[in-house]
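Visitor: The structure follows.
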Amino acid sequence: MYQFNENHYPQGMTQAMTRSFVSTVFLWMFAALGITAATAFLFGTNESLMSLLMEVTPQGGARVSTLGWIVTFAPFIIVLVMSARINKMSVQQTVLWYVVYSILMGMSLSFIFWAYTSASIFKTFIIAAGMFGVMAVVGYTTNTDLTKFGSFLFMALIGIIIATLVNFFMHSARLDYIISIVGVLIFTGLTAFDVQKIKQIGNAGINDGEIMSKITIHAALTLYLDFLNLFLYLLRFFGNSRD
């Protein structure tokens with residue numbers, strides 16, 4: 001998440017202003033999820049659009065097209081760029097990249113409509129939303145400092161990324177199952193941790209409007225990623241294959 005020096009800003013923002021900041025972060029997150037969901041549904045249920053992301057092989061099968069690979073990996077690059085250059089980007093540039101990211105993620109996620117039934121995708125979305133909502137409330141209301149848990153979760157996240165890369169070559173169903181369980185636990189915990197962090201940022205009392213706007217977008221992106229990853233890991237359990 002965007003880093004700043006709290007000593008540069010006056011202390012003490014009223015509870016109402018803190019709630020307003022957190023609410024704005026969630027509104028930006030919901031906006032991105034809406035864009036992603038609409039884009040994923042549009043591409044996933046339209047064969048003409050889907051043909052841009054997949055192509056027919058000489059053997060009569062299907063494979064990811066060049067554009068499909070681009071929209072798959074481009075969001076990761078955008079996140080890295082936004083994280084590295086957040087201080088140098090204008091508010092308008094930050095919002096633009098945020099919207100572009102949401103659209104590309106939607107195009108990338110359109111593949112799930114070909115892998116799972118629409119009913120199971122919707123069911124999993126509701127389950128993920130419920131879990132995310134509960135943990136967001138926990139993160140906002142708890143008096144427990146979740147910093148130490150956050151450090152552990154980030155280490156676990158690095159571990160699961162490595163395990164996923166290893167399993168890409170091993171194709172182990174058992175390891176994939178373990179990764180899915182751990183993934184759900186990690187992003188459930190990160191939701192509470194990140195919401196608490198966002199609340200603390202609101203309490204810091206940042207008066208610079210431009211800095212606050214960019215922090216808001218970056219915080220929304222953080223929660224967006226928490227929800228999206230939680231949803232995708234849950235989909236491995238609750239998604240019904242079309243095969």
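Visitor: For region 18-85, what number results from the quotient of the Cα radius of gyration and 2.2 N^0.38 Å?
Guide: The value comes to 1.54.
Visitor: In vacuo Debye scattering of the chain, one point per C-alpha: log10 I(q)/I(0) at q = 0.11 Å⁻¹?
Guide: -0.63
Visitor: Sort 96-104, 184-192 by the packing proxy (mean of other Cβ within 10 Å over each peptide's residues), most packed first. It would help to have the intermediate numbers written out before the result.
Guide: Working: 96-104: 18.1, 184-192: 22.3.
Order by mean packing, descending: 184-192, 96-104.
Visitor: Which of the peptides 119-132, 162-175, 25-38, 219-232 is most tightly packed, and how do the rest follow, judged by the mean count of other Cβ atoms within 10 Å per residue? Don't jump to the answer; show the numbers that get you there.
Guide: Numbers: 119-132: 16.3, 162-175: 11.4, 25-38: 18.2, 219-232: 22.2.
For the peptides 119-132, 162-175, 25-38, 219-232, the packing ranking is 219-232, 25-38, 119-132, 162-175.
Visitor: For region 64-168, take N as its residue count and report Rg(C-alpha) divided by 2.2 N^0.38 Å. Walk me through the intermediate numbers first.
Guide: Working: Rg = 17.3 Å, N = 105, 2.2 N^0.38 = 12.9 Å.
Normalised by 2.2 N^0.38 Å, the Cα Rg of region 64-168 equals 1.34.
Visitor: Next up: Taking amide hydrogens as modeled 1.01 Å from N in the peptide plane, which residues meet the under 5 Å criterion relative to Met54, leaving out close sequence neighbours?
Guide: Counting only residues 5 or more places away or on other chains, the set is Ser65.
Visitor: Shifting gears a bit: Can you give the Rg/Rh ratio of region 127-242, where Rg is from the C-alpha atoms and Rh is the Kirkwood radius?
Guide: Ratio of gyration radius to Kirkwood radius for region 127-242: 1.04.
Visitor: Positive end of the charge dipole of the chain (Lys, Arg +1 and Asp, Glu -1 on Cβ, about the Cα centre): tell me which of Thr222, Asn46, Ser108 has its Cα farthest that way.
Guide: Of the options given, the answer is Thr222.
Visitor: Got a number for the accessible area of Ser83? Probe 1.4 Å, square angstrom, nearest 10.
Guide: Approximately 60 Å² for this residue.
The values are calculated or read from the model by the stated rules, or taken from the named source; none is laboratory data. If you're wondering where the values come from, they're calculated on a predicted model, not measured in any experiment. Cβ atoms come from the backbone with ideal geometry, glycine included; neighbour counts cover every protein chain shown. Heavy atoms of the whole protein, side chains included, go into the accessibility calculation; ligands, DNA and RNA do not. Shrake-Rupley method; radii C 1.70, N 1.55, O 1.52, S 1.80 Å.
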